[in-house]
1. For region 180-199, does any single residue satisfy the condition of being without any contact (Cβ under 8 Å) to a residue 40 or more places away in the chain, assigned by TED's automatic domain parsing to the domain that holds His280, in contact with a Lys or Arg (Cβ under 9 Å, 6 or more places away or on another chain) and not β-branched (Val, Ile, Thr)?
2. Could you look through region 46-72, keep only residues that are under 21 Å from Gly12 (Cα atoms) and touching a helix residue (DSSP H, G or I) at 6+ places or on another chain (Cβ under 6 Å), and pick out the one that is surrounded by the most Cβ atoms within 10 Å (Cβ to Cβ)?
3. Tally the residues that are in a helix (DSSP H, G or I) and under 21 Å from Leu30 (Cβ atoms), restricting the search to region 116-139.
4. Please specify each residue of region 195-253 satisfying the condition of being among the aliphatic types (A, V, I, L, M), over 26 Å from the mean Cα position of the chain (by Cα) and either surrounded by fewer than 19 Cβ atoms within 10 Å (Cβ to Cβ) or within 21 Å of Ser286 (Cα to Cα) (or both).
5. For the condition within 14 Å of Ser98 (Cα to Cα), in contact (Cβ under 8 Å) with a residue 40 or more places away in the chain and part of a helix (DSSP H, G or I), what is the one hit in Ser65, Ser34?
6. Tell me whether region 259-281 contains one or more residues that are small (Gly, Ala, Ser), buried (at least 16 other Cβ atoms within 10 Å of the Cβ) and over 22 Å from the mean Cα position of the chain (by Cα).
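The values are calculated or read from the model by the stated rules, or taken from the named source; none is laboratory data. Just so we're clear, the structure is a prediction, and the values are computed from it rather than from any experiment. Virtual Cβ from ideal backbone geometry, glycine too; neighbours counted across all protein chains shown.
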Amino acid sequence: MSTLNLYYKESGIASPLSISLSILSGAIILLFCSFFYSLLIANLSFIYLNFLIVAAYGFIVCYTSRAFNMIFKIRNRKKSIVITIILALLAIYFQWISYIFIISFDELDPALLFKEWDFFFNLLIRPDIFVSTMIDISNVGLWSIGASNGTTLKGVLLWAIWLGEAAIIIYIAVKHYLNFETIPFSEKDNKWFKKELLDFDFERVVYKKSFVEELLQNPSEAILNLKRGDGLRHSKISVFSSETEPRSLITIDNIVITQRGKGKRDVTKVLEYYYIDNLHLSIIRSKFRTKTASIFDY
């Protein structure tokens, strides 16, 4: 069997309609999130807490992109990253519009977005008003650092803070998205493969080449021959299957937990999306319990 047929390869399919729907749906969610994000930023003057809120906003962008890319079946990693960048830029624009909208009123009421929706929408579709307002704010400043007579932030310094905030949001959204694993997709069933975990700590796979050779000869036997690992140094096997596919996929991760179980969990991918015949998989299932993966296992 060709090496190309042993491992799953993403199809790269991402139709213009699916991409458009993913961006549009993500933008709608982020539009509302941006308002509450700006409400928090406008109310809190503690700079370190603000930084945490900015970071959290970046994660919201990331997970929003991930969710809608899965819903609309985007199986092209590069285009998924581009969608994430676009959503991050929209999220930044939305939060600035929301901030201008909020400071236009004396009251800080979450219901303002619904009460004054026409005003908010007008700001949203008028980037010229947005730009002129931002320039005015940068000239006079709206908040300061320090005591009541502290330094008012304006001009180049304020622009630097705004750009820094935008950079953090984009960086966290894209960086975290890159950490997501590729989820295999069944073109035959038109759905994502279901992920399960073998509920057993196997010994670490030290020699990948020889182990893959054993898999080629007899996949189920190669896995059944793995001994039990210990709690701090072991490997975990994940199984990906779909309803009518004749073959499933397995991945194997070597895991090392430092400082006697209290330190960092180092995960090294040993085998990534290797095809295995369902007959061999049924043998493996008969020997080991499986558990359905949670959303955090993807």
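1. Checking region 180-199: not a single residue is without any contact (Cβ under 8 Å) to a residue 40 or more places away in the chain, assigned by TED's automatic domain parsing to the domain that holds His280, in contact with a Lys or Arg (Cβ under 9 Å, 6 or more places away or on another chain) and not β-branched (Val, Ile, Thr).
2. Ser65
3. Count: 14.
4. Val206, Val212, Leu215, Leu216, Ala222, Ile223, Leu224, Leu226, Leu232
5. Unique residue meeting the criteria: Ser34.
6. The answer is no, given that none of the residues of region 259-281 is small (Gly, Ala, Ser), buried (at least 16 other Cβ atoms within 10 Å of the Cβ) and over 22 Å from the mean Cα position of the chain (by Cα).
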